[in-house]
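This report refers to the structure that appears directly beneath it.
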Amino acid sequence: MQHPENDKQYKGLVVNEGVQNLPQVNPYATFRRQKRELTAEEYVDGILRGDITLLGQAVTLIESSLPKDQAIAQKVIEQCLPHSGNSVRLGITGVPGAGKSTFIEALGTMLCHQGKHLAVLAIDPSSERSKGSILGDKTRMNELSTEANAFIRPSPSAGSLGGVARKTRETIVLCEAAGFDTIMVETVGVGQSETAAHSMVDFFLLLQVTGTGDELQGIKRGIMEMADGIAINKCDGSNVERAQAARVSFKNALALFPPPESGWQPYAETCSSVDKTGVLKVWKMVEDYIRFTKENGYFDYRRTRQAKYWMYETIHSELLNGFYQNPVMEKLIPEMEQQVLDNKISSFVAAHKLLQEYARINH
């Protein structure tokens, strides 16, 4: 290659030719052999031994959309199911900025010091534009992540209902089979669609803060009715009096709601995740609820009803995947979409035609 800079008119400027015919492969690079794929039995054996590495890999399989991975994942779940169910499942939701991650770290660290084995399934919001997630909850729980008895798994919400990852419930099964006796599910934030989170936990905790105006105004009635208890966080410093006043407001608001099906009367407690005060009272609320519902039979009834709910959710999910992953439909959908965009056909007619074609293919 000729460099014009080497012309004599450019005094004192020289460009070297460089190295010609560079090798395509780095001769100093070390090659790794392709990792052997584990069988479902090997995953299950590792999970039952409490192998955190294999547990994490199995959760990755569950979250994968590849048919090959899903086939192995379903076998793993099926074999782990008899070893599950022996835990307290706690769902934690709240307005953005309520301090959910800090609260979970404070409560989780306390539970680990009590000898409990804790799994935290932190749901990270996915971008609607890029579909990506930061998955930074583990970095925000520095103290808890160093505990030997803790397993923290951030997962992308991937646009699923209520900000709860679609496979979170199956992940709970694997964590319980691995010996974790306390499962925490942290959701993205407050919204009517938090029903998904409520449908996989035993106790649904609403985390709230003061100093944001009318505390009750920002909370939808649907969330208040689903909550089994309320924790008013950041009750420290100059915020103590406001937090105590908010606790009374929530207590009065909860008393106006119809009595829950469980027979349990939800109430509010104050706490500070930073000072780690009041966290024990919140956990006592959870323990009292579990004891109360086990005695009156509602605990088992709720779990049975949840299993039925997720059976139908899985059916809906599998039907959607089957529809969009079908090779014929993959070709037909863009064609119908273009006809809708060109105003040649209505969106409703297009949808019916696609569904009719899919039914004909699977007949």
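Quick notes on this structure:
- With the convex hull drawn over the C-alpha atoms of the range 232-273, the volume per residue is 53 Å³.
- Projected label distance in nm at Glu335 and Asp288, using a 7 Å step from Cα toward the beta-carbon: 6.5
- Exceeding the 18 Å Cα-Cα cut-off - candidates Lys284/Lys308; Lys251/Lys281; Lys116/Lys234: Lys284/Lys308; Lys116/Lys234
- Those residues of the range 342-363 whose amide nitrogen sits under 18 Å from the label point placed on Leu320, 7 Å along Cα→Cβ: 351-352, 355
We did not get these values from a lab; they are worked out from the coordinates using the rules stated. Here the structure is a predicted model, which means the values were calculated and not measured. Note that each Cβ is placed from the backbone with ideal geometry, even for glycine, and that neighbours are counted across all protein chains shown.
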